[in-house]
Each structure stands twice: as C-alpha cells, then as structure tokens.
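Derivation of every value follows stated rules applied to the coordinates shown; laboratory data play no part. None of the values given here were measured: they were computed from a predicted structure. Here the Cβ is made from the backbone with ideal geometry for all residues, glycine too, and neighbour counts use every protein chain on show.
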Amino acid sequence: MKNWIARLFGGGEANASAPPAAGSPSTAAVSADSGSAHRPAGAGEPDPILDFWRWLTAGATAAAPTPQAQSHGQLMLAELDRLVDAPLDAAGLVPRVPEVIPQLLRSLRDEGASSTDLARQFARDPALVAELIREANSPFYRSASQVRTIDAALLVLGRNGLRMLLARAAFRPLAGSQGGRHTRQAAPRIWRHTEKTALAASLLAPGMQADPFEAYLAGLMADLGLIVALRLFDGVLETDALPQDPAFVAALLARTRLLSAHIALQWELPPPIAAAILGALGSGPSAGQPLASTLGQAERLTLLRLRIDDGDLATEDPAVAALDRASVRVLERLAPAERID
C-alpha cells in the first residue's frame, strides 16, 4: 500500500532508501517530537484530549480501575510502543484500498489524461460513481442544477476536488467497522471525526499558508493510530468496558498519535505530514508550523462541530463564541447538509 501512496500522494517517485530532506522529520525526529505530545490543561480548563476520548467512547462502559484493567492497559501501551518501532506491522492491521483508486489517482497526475479516460475508470466502480455524483451535488459545491452524470460531476469537482474525493475513498476502509466490539462501536465516530477534520484542514489551509491537499491528507492520517489501538483493545479486553482514567487516556492517545506519524513516514507521505500530526497538539519542534497549526485548528473545530451536532455543546458556549470569523465559517461548512442554509 505504501508504494502507491508515496507515488500518488507524495507528488514523486518513492525512494525508501533516500535520506530525509533537510528540515524533514526522520523517524528519530518524530519520536523526539512525541515526548510532550499531550500537555495537561490547567485547573478548570477543558482538556481537548480527554474531551475527544469522552466523545469517542460515548455510550461505552467505563472500565473499573482494577489490577487486571491496569495490567491490560500496560500491555496495550507496551504493544503500541512496539508498533511505533515497527509501523509496517501496524499498517497490516488496517484494510487495503480498492485497486481502482490508485489507478485513478495516477491518471489525475497525468495532465494528458482526458475527462473521457477518467469517466471510463470511474465507471468501473459503481460505489465510487455514487460517491462522485453525491459529492458533486453536496452543499460544499452548491451546483446550480442537479448533477446526474459522471462527466458533469467531473466538471463540477475539478482535479483538486477529485484528488480529495479519491483520498477520502482510499482512507475510508481504514476506519471500517470490521473487527471486534470496540472497533465496531467506535468506527462510525472515528470516520466522522476523520472526514470532518480533513475537510476543515483543507478549508483552513490557504489562510494559514499551508498546502490544502497536504492538510487534507494530514487530517485523514491523524486518527489512524487510534484504529490500530482499538483493534488491540478487541484482542485484550473481554468486555465492552473501555478505560477512562485520564493518565492512561493521555498516554494512550500520545502513542496513537506517534503511531499515526510513523505510519505516515512508513507510507512515504510528504514528510511535513508526519511532523504536523504531532505538532498539531501544540508541542514539539513542529508546533507552530503552518501545516501543524492548520491541523490543530481543524481538529479543534471538528470536535466543537461534532459535540454541537450531538447535542453535547450549545452554539452559545464560550468555546464557540470565541472563534474568529474564518473559524466560524469553517465550523458552518462542517455542519450536516440539512443544517446548511
């Protein structure tokens, strides 16, 4: 999988043996960047890490802090540490993507590929055709008339829109509901978070001097380590209960974040993506860089949007009222279709 991602998303041919470019994060640099991945909130302040975990595990039973639960937790953290050093093993815990998607992305890189060629390739996958038509008719594009054909949809989306649609289609199976009880329960929420984060990042990127497609890919990648962790929970925990201890949750999510970054490096995505996945949390060498800041703001807005949509947060909440105009516009674009005026 990593080879086609490197070629098609990375903008050039993959070279696994090439050293990192100057200023690009190596595996060691990414590891160093993780040391302060989570900075606890001050007294009385909301903690976005814990807020995210509570939202993600809503409805799940809290695991009692028994010696057995603590033992399971330590096993989980140790296995995640191992997978950080063996990201190829971690990547093997997520599904493969449909073959037609890398072929289409290859065609999009070819400036000589015609719309007829693209339409013919899309037509090979009915599910992809349905998504293409649905995307062209979405409020995001606000087409003047109903789009009914592949050719019309290709015209509405343009090449950049098609790249994002195909990237989303490629990554969706990674957050699929296959697996045990914990993965099945959390998968729909993870994908909601992933999809909205990627969209928010692409919308924010131009105003934050970041590349929109790199921001989109960073949003798609950021939760991948969490998918791996849930699959590990499936094999370790015999009940529906999930740990809620703040110290464990912080340690868990710091490791899944690091794992996402290492998988991004393993798949040879553009190096800034791995650094942004870690720097988005506001610490480490990449914190404050345009792509990291873009992803961090996208994740904050996404969690606000999801909590509003779930009735857990009022639009009058201070966290929403304090947003600047650009962020408010993005928050509105993230609303479910029926909520967009």
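Using a/c under 1.5 as the rounded threshold, could you call segment 210-341 rounded, prolate or oblate? The axes a ≥ b ≥ c are square roots of the C-alpha gyration tensor eigenvalues, and prolate needs a/b larger than b/c, oblate otherwise.
Values: a/c = 1.87, a/b = 1.18, b/c = 1.59.
The shape class here is oblate.
At q = 0.14, 0.15, 0.16, 0.21 Å⁻¹, what log₁₀ I(q)/I(0) does a Debye calculation on the Cα points of segment 128-263 give, no solvent, two decimals?
-0.74, -0.81, -0.89, -1.23
Work through the residues other than Met76 whose Cβ is under 13 Å from its Cβ and net out their charges, Lys, Arg +1 and Asp, Glu -1. Show your work: numbers first, answer last.
Numbers: positive: Arg82, Arg231, Arg255; negative: Glu79, Asp81, Asp234, Asp245.
Its environment carries a net charge of -1.
Would you kindly derive the ³J(HN,Hα) couplings of segment 195-210 from the backbone phi angles with the Karplus curve 6.51 cos²θ - 1.76 cosθ + 1.60 (θ = phi - 60°), listing them in order in whole Hz, with x for Gly and Pro?
5, 5, 5, 4, 5, 4, 5, 5, 6, 6, 3, x, x, 10, 6, 10
Can you give the relative contact order of segment 250-337 as a percent, counting alpha carbon pairs under 8 Å and 6+ residues apart?
Numbers: 72 pairs, mean separation 14.4, N = 88.
Value for segment 250-337: 16 percent.
Rounded to the nearest 0.05, what FRET efficiency is calculated for Val129 and Arg159 with R0 set to 25 Å and r the Cβ-Cβ distance? Present the calculation step by step, with values, prior to reporting the outcome.
Numbers: r = 18 Å, r/R0 = 0.71.
Plugging the Cβ-Cβ distance into 1/(1 + (r/R0)^6) gives 0.90.
With the contact rule set at Cα under 8 Å and sequence spacing of 6 or more, what percent relative contact order holds for segment 111-241?
Computed value for segment 111-241: 19 percent relative contact order.
Put +1 on the Cβ of every Lys and Arg and -1 on every Asp and Glu Cβ in segment 208-341; which of Leu258, Ala335, Val228 then has its Cα farthest towards the positive end of the dipole?
Ranked along the dipole, the leading option is Leu258.
Name the long-range amide H neighbours of Leu242: under 5 Å, sequence gap of 5 or more, or other chain; modelled H, no Pro or chain starts.
The answer is Thr61, Ala62, Ala63.
Hey, what do the phi angles of segment 120-129 turn into as Karplus ³J(HN,Hα) couplings, whole Hz, using 6.51/-1.76/1.60 and θ = phi - 60°, x for Gly and Pro?
With the stated coefficients, segment 120-129 comes to 5, 6, 4, 4, 6, 10, x, 5, 6, 4 Hz.
What net charge do the residues around Thr194 carry, taking every other residue with its C-beta under 14 Å from that of Thr194, with Lys and Arg at +1 and Asp and Glu at -1? Show your work: numbers first, answer last.
On the way: positive: Arg168, Arg172, Arg189, Arg192, Lys196, Arg257, Arg305; negative: Glu195, Asp223, Glu299.
Summing Lys and Arg as +1 and Asp and Glu as -1 gives +4.
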